[in-house]
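What follows is one structure encoded as structure tokens, with my remarks underneath.
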């Protein structure tokens, strides 16, 4: 990778002399080629990698994207070019090779010729999505290069964001497509330390999916829908949502419960630092599982350089003879996007109206909020002039300890403050209720 | 135009049922066709215009543009479809016919087949410019339609912004290309009530061009440069800057000098209303001429649907044999853009560091700012710890009465408050000074 690092350093470094300006549609189709003779040239250093040529695709456009993604050129060069790259041992099904930078910010991925061509044709749509859908979960492309050795072999490389920083312990990892056909991870995959599991593994483990705060949920679903619309319009299929699940350990959140002031503040500091590092990243969402356990989700749409082409069509025809067409993962792009979103909304993400504060008898708080369910007619305990806090059946509330799902009838709630000692522990169970009243 | 109004009303109205979403690259190439039989159909009313078909180009994209330009659909429909349109008597050289809506907000212009095709191919670049260069002076395109009568005749129509509202008395009007070849308005044009004058007429009348406040000047030049870059990348040429000049009459600005309180406030109100209506419009810039007279400039780049094609090439070859190539207005797009910008910066717009407040012995203000020039060594009257207000030679200051251009040496100034009775009237002359000191 030394030659590639030299090529990228030269390409990105030489851009410094090109004034920053608006990007034009023609910028997407620019290719710059520089020869790197091993003896060096006027613009390239001498090196030991043998003669090679290095192509940079759409240099001005990717500079614009890097700026949009808040990537400083100096940081980019330092991470990619001046520190060793580590090859990841877990290549995808595509046969691509992945390298990660030592600061874990960037991934360099090798791509096939047709994927590279497709990426270039995709750039206008990619730009349009970035400008309209700034929270997009599509891959962040930071650069696109081709390393040509004298023998005529071309190695095309894409620099992207690293969705799953290795410094965060990822307790689970899922590749979700919304298909259920053969979507179990293989035995050999499951034998790995941190396997990439699939749709059916997910449904088995998280039969209720993840619970997100309402605004986070709305934002996530809207973002995914916008991303899917773009992918569909570009006839892209077979993409996945990569989901990294980090469980927040009780030692993290309760660090202040059993420590003296000094240790406590430094433990808090550590937790804060660790968390703020999470939230600096895009695609990071706080969530809970059905037991109310705190999770941090790392989300991103991956493998978007597949198109619905002849091969895929053929594969679908053949598979759909053998299996129910709906569950096979190769269809037309519109069907694929619809099924993908349906799976996300039905099986993966759910909205909680709010995460209620933790109820803990040991806390110093003298009030807490608490939902009590009773199998009797709903009583409006709040004053009539207060706007009732209306919820629909099927909605979920988390008390921090458990998730309560409201079933059957529309009910109306209000929030009230009650003393911790009024809490009825028996109601903290993961059951469904016909009606809910506020205690 | 009744049929066209019916067609637009149907096209824009029926969009209400299409949910608002991000626009996609495919939206730029969509064409919707609706038949309007004179007996009416399930989706169209009966009418007396004879059978016709109505095509709407890129309906979703233009809806997006209208929203970006803050055009409410109801207002758009009302202006275009439910009020009579007025045909303008002054068609351009292109042979297009122009209609203006009765509220003067919109222009409907007929375009040739090749211009229409070109506009559609231009839309991705147009979108990119809007998202990066929001102050753009390029035409605002609000809709693009084709009226097809049964005989096979197609009338293509573009709805645009109206740069020069007729309710504002436009004292002069210029069409500037940056060329000096035959760029005088014709005699017949000059005989009109408000002729459209050209580059050489402009240079003759405004040998010092317009003076703009520094931030307005910087913004305008930057915007024009960005617009030119886009036009150049799309190989567009022969565009013009349309400049409407409204002189602010002394009766407007001094309305409060000689009136009692009641009349004064209503006159002020009128001026304020009239002005606020100006500033609501894009492309409106306050300026002064070399005498310091207040102007309001209405600016916009027009005629951008010309491409550098075979005919233009031929025209240039032929003309450049006869004339000095630089001054002929048909060249390659890069040359055209450079010459256009050079003309704007050298002949049309200049930066004033600031418009100093009006000096008027009758005002109640007890302080005013005043530059006094003396042909002797500069004296720094300000305290050393105050950062001097540095200016470069060649920069201009307007005192509201006159414009002072600083020549030869770099000088340093500071602002000081002086009493009005200290003002030396003799210095208020339009002359160049070697050095300037602050009195």
> Taking a label point 7 Å from Cα toward Cβ, how far is residue A:89 from its twins in the other copies, in nm, shortest first?
Replying inline: 8.6
> In nm, to one decimal, how far is the modelled label at residue B:153 from the one at residue B:89, with both set 7 Å along Cα→Cβ?
Replying inline: 2.4
> Arranged by the count of other C-beta atoms within 10 angstrom, fewest first, what order do A:151, A:231 take?
Replying inline: A:151, A:231
> What is the calculated FRET efficiency for residue A:113 to residue A:247, with r their C-beta to C-beta distance and R₀ = 45 Å, to the nearest 0.05?
Replying inline: 0.65
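I need B:351, B:169 ordered by Cβ neighbour count within 10 Å, fewest first.
On the way: B:351 18, B:169 9.
So the ranking, lowest neighbour count to highest, is B:169, B:351.
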>> Using Cβ contacts closer than 10 Å as the measure, can you line up A:296, A:248 from fewest to most?
In response: A:248, A:296
>> Ordered shortest first, which distances in nm separate the 7 Å Cα→C-beta label point of residue B:69 from those of the other copies?
In response: 3.5
> If the label for residue A:345 sits 7 angstrom from Cα along the Cα-to-Cβ line, what are its distances to the same label in every other copy, in nm to one decimal, shortest first?
Replying inline: 5.3
> Just how far, in whole angstrom, is the stretch B:163-241 from the stretch A:1-53 if you go by their alpha carbon centroids?
Replying inline: 42
> Can you work out the base-10 log of I(q)/I(0) for the stretch B:84-231 at q = 0.11, 0.17, 0.18, 0.19 1/Å, using the Debye formula on its C-alpha atoms alone?
Replying inline: -0.56, -1.32, -1.43, -1.50
>> Using 5 Å bins from zero, what percent of all Cα-Cα pairs in the stretch B:1-161 falls into each bin?
In response: 2, 8, 18, 22, 22, 17, 8, 2, 1, 0
>> If R₀ is 51 angstrom, what is the calculated FRET efficiency for the pair residue A:291 and residue A:68, using the beta carbon separation as r and rounding to 0.05?
In response: 0.85
> How far, in whole Å, is the nearest Cβ of chain B from the axis relating it by rotation to chain A, and which residue carries it?
Replying inline: B:131, 2
> How much length is gained on full extension from residue B:135 to residue B:166, taking 0.36 nm per residue of separation minus their Cα-Cα distance?
Replying inline: 8.9 nm
> Hey, with R₀ at 35 Å, roughly what FRET efficiency would residue A:32 and residue A:194 work out to, going by the Cβ-Cβ distance, to 0.05?
Replying inline: 0.35
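Every number here is computed from the coordinates shown, using simple stated rules; none is lab data. Remember, it's a predicted structure, so these values are computed and weren't measured experimentally. Note that each Cβ is placed from the backbone with ideal geometry, even for glycine, and that neighbours are counted across all protein chains shown.
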